[in-house]
Amino acid sequence: MNSIESLEDFYKHKLNWVPDSVHKEIGHFNVFRLEPFVGSNAKPVPYSRRDYFKISLIKGNNKVHYADKVVEIKERALLFANPQVPYNWEEIDKVQSGYFCVFTDSFFHQFGNLTNYSLFQPNGTPIFEISENQAEEISAIYERMFDEINSEYTHKYDILRTLVFELIHKAMKLHPSNNLHKKETNASHRITTIFMELLERQFPINDTRQRLNLRTPAAFADQLAIHVNHLNRALKNTTQKSTSKVIQERILQEAKILLKHSAWNISEIAHALGFNEVTHFNKFFKQQLSLTPSSFRNV
């Protein structure tokens with residue numbers, strides 16, 4: 001994969017300075033207007049992961065390259081980016097405006113796990129096209145962020161966390177998640193949550209020396225100390241998919257990312273994803289997409 005951009009890299013490359021709080025254990029938060037950064041992406045920059053979270057309000061015509069998808073923003077959108085999934089955006093219009101805030105996982109360490117929210121998950125909805133009125137409401141949240149971060153109030157960062165959560169919930173209300181069945185039991189929900197954490201903990205794959213170890217329903221059931229049938233029922237109740245299907249979809253997504261956005265050969269990708277033979281990987285990929293990995297890479 002291309003190198004991971006750290007928050008320190010962001011400040012060095014974009015602003016030529018690095019605030020002290022970037023290195024503090026309590027975490028870091030900052031907010032910016034987009035206009036000063038417009039033009040730096042006149043040519044698409046290398047596709048990469050970041051080690052920080054970013055929420056952007058973008059006004060203007062753009063293409064967002066996110067995971068294995070390309071989404072065109074016609075007028076305005078809210079974009080949620082996280083360290084798990086690579087992304088970049090390509091300016092189409094010369095006139096761009098908006099806001100963005102950046103923050104580390106440790107900034108929210110004692111206030112909840114952001115990856116529990118669907119819009120920060122690999123298969124979630126990270127891009128929300130919005131109306132002009134919605135853009136005005138969201139702009140007002142960012143303006144409040146500027147007011148707070150520039151204030152002398154002792155607990156201003158608590159307010160800033162609240163404003164980030166306001167952005168998250170405003171977006172989720174635009175497209176309510178239907179991934180969880182309304183009649184799911186607490187036990188099924190709990191099992192699904194732990195299963196998804198175990199699955200996602202194996203990603204992203206950033207080094208050819210990495211190797212996916214948990215790849216089968218039985219392997220996950222062993223980790224959870226439950227029968228594989230119990231695990232499968234829980235996932236069926238909450239996601240309407242079998243355990244095998246959920247695992248396969250996540251492996252396929254990572255395979256597509258590595259094929260499109262790394263220079264690794266197919267054998268290296270197959271090994272990293274836990275396939276003992278490249279022929280097994282080719283068969284798996286073709287069953288899912290009706291394309292060989294080589295064909296997909298060259299499309």
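The values are calculated or read from the model by the stated rules, or taken from the named source; none is laboratory data. Please read all numbers here as calculations on a predicted model, not as lab measurements. Quick reminder, even Gly has a Cβ in these numbers, built from the backbone with ideal geometry, and neighbours come from all protein chains shown. For the accessible areas, the whole protein counts, side chains as well, though only heavy atoms, and no ligand, DNA or RNA atoms are used. Shrake-Rupley method; radii C 1.70, N 1.55, O 1.52, S 1.80 Å.
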**Prompt:** Between the DSSP loop rule and a limit of at most 10 other Cβ atoms within 10 Å, which GluC sites (Glu not before Pro) in region 216-268 are left?
**Reply:** none
**Request:** Starting from the residue with the highest accessible area, list S290, S244 in decreasing order, probe 1.4 Å.
**Result:** S290, S244
**Request:** Compute the distribution of all C-alpha to C-alpha distances in region 147-299, in bins of 5 Å from 0, and list the percent of pairs in each, rounded to whole numbers.
**Result:** 1, 8, 14, 14, 13, 13, 12, 10, 6, 4, 2, 1, 0
**Area of R49 that stays accessible when all protein chains are in place (1.4 Å probe, Å², to 10)** = 10 Å²
**Prompt:** In Å², what does the accessible area per residue of region 236-299 work out to with a 1.4 Å probe?
**Reply:** 48 Å²
**Length-normalised contact order for the chain - Cα pairs under 8 Å, 6+ apart - percent** = 15 percent
**Asked** Within region 101-162, which trypsin sites (Lys or Arg not before Pro) sit in a loop by DSSP and count at most 13 neighbouring Cβ atoms inside 10 Å?
**Response** none
**Other-chain or far-sequence residues with amide H under 5 Å of W89's (modelled H)** = H65
**Carbon and sulfur %, accessible surface of the chain computed with the full protein complex present, 1.4 Å** = 49 percent
**Prompt:** Based solely on its DSSP helices, what 222 nm [θ] is calculated for the chain when runs of n ≥ 4 H residues each add -39,500 (n - 2.57) and the sum is averaged over all residues, nearest 500 deg cm²/dmol?
**Reply:** -13000 deg cm²/dmol
**Item:** Largest-first ordering by accessible area, 1.4 Å probe, given options L224, L78, L174
**Value:** L174, L224, L78
**Message:** Using only the alpha-carbon atoms, what does the chain span along each of its principal axes? Please give whole angstrom values in decreasing order.
**Reply:** 55, 45, 38
**Prompt:** Is the shape of region 63-156 rounded, prolate or oblate, going by the alpha carbon gyration tensor and its root eigenvalues a ≥ b ≥ c, with a/c under 1.5 for rounded and a/b larger than b/c for prolate?
**Reply:** oblate
**Request:** Using a 1.4 angstrom probe on the protein heavy atoms only, line up K173, K241 by accessible area, largest first.
**Result:** K173, K241
